[in-house]
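Q: Got a structure here, written out as structure tokens. Questions coming.
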Amino acid sequence: MRCLVTGGLGFIGSNFIRLLLRERPEIRIVNLDAVTYAGNPANLRDVENDPHYRFVKGDVADAAAVREALKEPVDAIINFAAETHVDRSILDPEVFLKTDILGTHILLEAVREKKIARYLQVSTDEVYGDVPQGESSEESPLRPRSPYSASKAGADLQVLAYWNTYQTPVLITRGSNTYGPYQHPEKLIPLFITNLFEDQPVPVYGDGKQIRDWVHVEDHARGILHVLENGESGNIYNVGGGNQRTNLEVTEQLISHCRRSPQTHITHVADREGHDRRYALDTTKARALGWEPRVDFESGLHSTVEWYRANEKWWRPLRSGAFTDYYRRQYAHR
Ligand code: TYD
């Protein structure tokens, strides 16, 4: 199989590419990535010379760049390219619309024009919005509540409209909160780990009782591959770990793994505007297709802390320069 992976220098995309190269030795991969603050060449340093892998620098929202990446034919496109951080979307929404919605549209047009056999849209459980009780199934209404999740929902609707209108062979996966190696230190788990390593406090939004459903990136990437190979066109599949935890529970485990203390290291700060209290996914459909998560949350969290401990060279540069300004903008007023 030949495939175009977009956003393959990001967190989930890079883990997916590494999985493909390891488990599908015949694969040929083109990775189209804009190399933004989150698209980091260091995420794939270990495979960049692999003859089955080719990198093209470019933006999914730029039709010429997509054309260039598709110069050689492919059998599938897997779209990871997205702006993903809710807090950044609150500060500056426009780029989310451009990358997440316009980028998806340009890729869908390419699939249609070149009659590509499969298109998989990597989406998120955040499109379902706040879920006070129960679990979201693929049939649940879309009630996105942040500029980020509204952009992702807009993209999902475009994807489904192409299936309905042109029978473009599309699939959507909706993943839950993902953690593991190579996640940018702006997100809860790696931010808190790296703050704790530096003996700094961790900023818990509001009461910290918000609930997220955590899935390890290895399980998430395997879920996407499984849906790509076995899913039925026009369908959506939820990919969640089934690990519902409050942010405080996660924080306390991280503090314990980093050998710090909750009394000295937790700071409650002003809550995120419009903060969704809870996400929870019903994954019956993906399980019926033959996928299930394998990584136990507690051991996955522990090994993630150890990965960051062993890979300071990777995360240290990400916490300097522009990140320092972002951190100030995001946290100084709270
Ligand atoms: P995040 O990793 O940003 O993912 P998402 O907002 O997409 O779920 O945040 C996970 C949870 O952690 C969310 O409820 C917000 C909370 N959070 C904090 O309490 N403090 C922080 O500094 C960050 C980044 C997140």
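The values are calculated or read from the model by the stated rules, or taken from the named source; none is laboratory data. Note that this is a predicted model, so its numbers are computed, not measured. No Cβ is skipped: glycine too gets one built from the backbone with ideal geometry, and neighbour counts run over all protein chains shown.
Q: Restricting to segment 310-322, name every residue that is under 20 Å from Cys258 (Cβ atoms) and either in a helix (DSSP H, G or I) or outside the structural domain of Phe192 (by TED's automatic domain parsing) (or both).
A: Ala310, Glu312, Lys313, Trp314, Trp315, Arg316, Leu318, Arg319
Q: Here's something else I'd like to know. Taking segment 66-98 as the region of interest, how many residues are within 16 Å of the ligand (Cβ to nearest atom), assigned to a helix (DSSP H, G or I) and farther than 15 Å from Glu126 by Cβ?
A: Final tally of qualifying residues: 1.
Q: Scan segment 154-187 for residues that are surrounded by fewer than 22 Cβ atoms within 10 Å (Cβ to Cβ) and within 15 Å of the ligand (Cβ to nearest atom) and jot them down.
A: Of everything in segment 154-187, those that are surrounded by fewer than 22 Cβ atoms within 10 Å (Cβ to Cβ) and within 15 Å of the ligand (Cβ to nearest atom) turn out to be His184, Pro185, Glu186, Lys187.
Q: Could you list, in sequence order, the residues of segment 226-241 that are surrounded by 18 or more Cβ atoms within 10 Å (Cβ to Cβ) and over 18 Å from Pro190 (Cβ atoms)?
A: His226, Val227, Leu228, Gly231, Ile236, Tyr237, Asn238, Val239, Gly240
Q: Quick one: would you say Thr251 is within 11 Å of the ligand (Cβ to nearest atom), more than 23 Å from the chain's Cα centre (by Cα) and not in a loop (DSSP other than H, G, I, E, B)?
A: no
Q: Could you check how many residues of segment 193-242 are under 13 Å from Val122 (Cβ atoms), within 16 Å of the ligand (Cβ to nearest atom) and in a helix (DSSP H, G or I)?
A: Result for segment 193-242: 2.
Q: Something else: May I ask you to list the residues in segment 199-218 that are within 26 Å of Pro141 (Cβ to Cβ) and not hydroxyl-bearing (Ser, Thr, Tyr)?
A: Gly206, Lys209, Gln210, Ile211, Arg212, Asp213, Trp214, Val215
Q: Oh, and also: Just checking, which of Ile106, Ile101 is in the same structural domain as Phe11 (by TED's automatic domain parsing), aliphatic (A, V, I, L, M) and touching a Gly at 6+ places or on another chain (Cβ under 8 Å)?
A: Every option except Ile101 fails the conditions.
Q: While we're on this one: Taking segment 257-290 as the search range and keeping residues that are exposed (fewer than 15 other Cβ atoms within 10 Å of the Cβ), hydroxyl-bearing (Ser, Thr, Tyr) and away from the ligand (no atom under 11 Å from the Cβ), which one is nearest to the chain's Cα centre (by Cα)?
A: Step by step, filter segment 257-290, then rank; the result is Thr284.
Q: Among the listed residues Ile12, Ile29, identify the single one that is touching a residue at least 60 places away in the same chain (Cβ under 8 Å), assigned by TED's automatic domain parsing to the domain that holds His226 and touching a Gly at 6+ places or on another chain (Cβ under 8 Å).
A: Ile12
Q: If you scan segment 296-334, which residues turn out to be among the polar types (S, T, N, Q), within 28 Å of Asp271 (Cβ to Cβ) and surrounded by 12 or more Cβ atoms within 10 Å (Cβ to Cβ)?
A: Thr304, Gln330
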